[in-house]
Amino acid sequence: MTTLYGKDSACEIKKIHKELTSTGYCKFNVSSEKISTLEISELLGNTAELYGVPTVQKLCPKNLNNAKPNTYSGNYGLNAFPLHTDMAHWSSPPHYLLLRCAGPATNVKTLLLDLEHIINTESKITLNRALFRPRRSLDNKTCLLRLTENNILRWDELFLSPVNQTAKDLSNRILEKIKLSTPITIGLTKKTECIIIDNWRALHGRTPVVEKFESRIIDRVYLSSLWDI
Amino acid sequence: MSKTNHEWSKEALFRKAQLYADTMIEHEDTAWQFGLWSAFTLELLIRSGVSATSPVLLADAKDWSNILYGLGITPNKPKFVPKSASTSELIVRLEEIIPAFTREHANFCASHLAKRNSEVHGGNLEFECYPSSLWAPMFFSVCDILVVSLGESLEHLFGQTVADRAREDIAAFNDVNAKSVRVAIEAHKTVWREKTGAEQELARKQAETASLRHYGHRIECPACASIALLQGKAAGEAKKTVDSDGVVERQVMKPESLHCIACELKIIGYSKLLAAGLGDTYISTSRYDAMDYFEIDLDEHVRNMMDDDNNE
């Protein structure tokens, strides 16, 4: 596994970019717990600022009752999070997301699945005709979305709603294929461990949180692009 | 990275056109809703076609705040409501932007959208009296030009089945040779006029007796005005309804040939029928007994209700 040592890690950053391009994700280490999550993000690419969202978000497991209904925890609580694209309901979701272990939990894993493998049997006509919408309007606007467009692949069974029959049928097939798939399982068990995910390609999720691992904390940062190295 | 597309972006407008096209094709093309939703679809395609160059071109230029909005900047003007240019203005802009979009296409769009205005603003059922054969081939031609300019296809807009039908309509519409059918009709008219009144009456009666509904769709012959038979092929899936009398199957049929027994006029091929003004689809209705349709074997049901067979 690649280890980043700070600013002089051009060769390691290149390795991470390469793996990310080839598989849609890359797990790596940083040399010290003292390197901040923001510093790690800035070593890899352009950190994205999302309006109303902290640059570095602290993700902690929450009970269904303690979480807002507009969040995954507010819908799934400590159960498994289904595989999804972050901000799939946005017209253009963030391109990359960095997850860094800030509170280890050995039994809770991050799940990853290449969406390309799920939808590659669908015809271009189906993918272009299937229209989805965010389940709730954004800024008082409701725009129609495709699951594939402008090099973006997206999926979210909760925040996206199928609009037409083509989308309803496609949605059922995707759910069935995801159910039959075997996602890659990755644990973040040390504060030096991170994963960067291509959010336009790989779906991610979470295994259930058992009570003693409620202290699991993940730092999340979005990136709009990677440095051209 | 953005939450929403600009409401004037070509993507947002094209997807809405797709949604409207879905509603259009849910209706039989003899229904007025088919015409009305075709006009809504066309309007969004026109807007998307203009926006492909820049959303700014959609702005109503009378107020520069609209131009600002088109650029993606929300003006500070209080109570600002963005206003886009009228569709007739956008049709003019489209002529400048897309070389394949000619004056003929522009005129069709203006006339089709005028029908839409009459439909939504007046009490007359405008599309009820506007048979689809009069507008569908040109409508599909314009759609084809616009979707190609957007990097899309008729299949993306309408799905495979309707896209296939659209291409047939476009080919028929562009078939110059098909127009020769009008000469054939005139020739049959002349021969018909030369017959005596008694001969005409006898031929008319024979045509009426022989042209049974069972064999095709009965229409008036364009040459002699007797009953003629139109035969066609199924277009799309049949719609089934179940009522107390059984199962009713309604199938939209696209005409393929016409035969008049009275004056012996024969027209073969959709493009010729279209050129003769006989291109309208028709509905073939079939009724079935529910027991036959669902292949229900009553005897088997009765047998299943008995105790197990026993060689006692």
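The values are calculated or read from the model by the stated rules, or taken from the named source; none is laboratory data. What you see is a predicted model, and the numbers here were worked out from it, not measured in a lab. Every residue, glycine among them, receives a Cβ derived from its backbone with ideal geometry; neighbour counts consider all protein chains shown. These area figures cover heavy atoms from the full protein model, side chains too; ligands, DNA and RNA do not enter into them. Shrake-Rupley method; radii C 1.70, N 1.55, O 1.52, S 1.80 Å.
Structure above, values below:
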item: Residues of region A:139-149 that turn out to be facing chain B (nearest Cβ under 10 Å) and open to solvent by less than 20 Å² (accessible area, probe 1.4 Å), as a count; result: 3
item: Residue tally, condition open to solvent by 30 Å² or more (accessible area, probe 1.4 Å), touching a strand residue (DSSP E or B) at 6+ places or on another chain (Cβ under 8 Å) and either at the interface with chain B (Cβ under 8 Å from one of its Cβ atoms) or within 14 Å of residue A:171 (Cα to Cα) (or both), over region A:106-134; result: 1
item: Extreme residue, nearest to the chain's Cα centre (by Cα), among residues of region A:156-190 that are surrounded by fewer than 19 Cβ atoms within 10 Å (Cβ to Cβ) and among the charged types (D, E, K, R); result: A:157
item: Some residue of region A:48-61 being open to solvent by 30 Å² or more (accessible area, probe 1.4 Å), among the small types (Gly, Ala, Ser) and at positive phi; result: yes
item: Sole residue being farther than 27 Å from residue A:164 by Cα and surrounded by 20 or more Cβ atoms within 10 Å (Cβ to Cβ), chosen from B:136, B:184, B:178, B:110; result: B:178
item: Residue satisfying all of: in region A:197-229; small (Gly, Ala, Ser) and touching a Ser or Thr at 6+ places or on another chain (Cβ under 9 Å); surrounded by the most Cβ atoms within 10 Å (Cβ to Cβ) among these; result: A:202
item: Filtered residues of region B:153-172 (kept if facing chain A (nearest Cβ under 10 Å), among the small types (Gly, Ala, Ser) and in contact (Cβ under 8 Å) with a residue 12 or more places away in the chain); result: B:159
item: Residue list for region A:206-229, filter: in a loop (DSSP other than H, G, I, E, B), touching a residue at least 40 places away in the same chain (Cβ under 8 Å) and charged (D, E, K, R); result: A:214, A:216
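One line per residue, one yes/no per condition, for (1) within 16 Å of residue B:287 (Cα to Cα); (2) basic (Lys, Arg):
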{"site": "B:210", "(1), (2)": "no, no"}
{"site": "B:214", "(1), (2)": "yes, no"}
{"site": "B:236", "(1), (2)": "no, no"}
{"site": "B:239", "(1), (2)": "yes, yes"}
{"site": "B:252", "(1), (2)": "yes, no"}
{"site": "B:259", "(1), (2)": "no, no"}
{"site": "B:270", "(1), (2)": "no, no"}
{"site": "B:273", "(1), (2)": "no, no"}
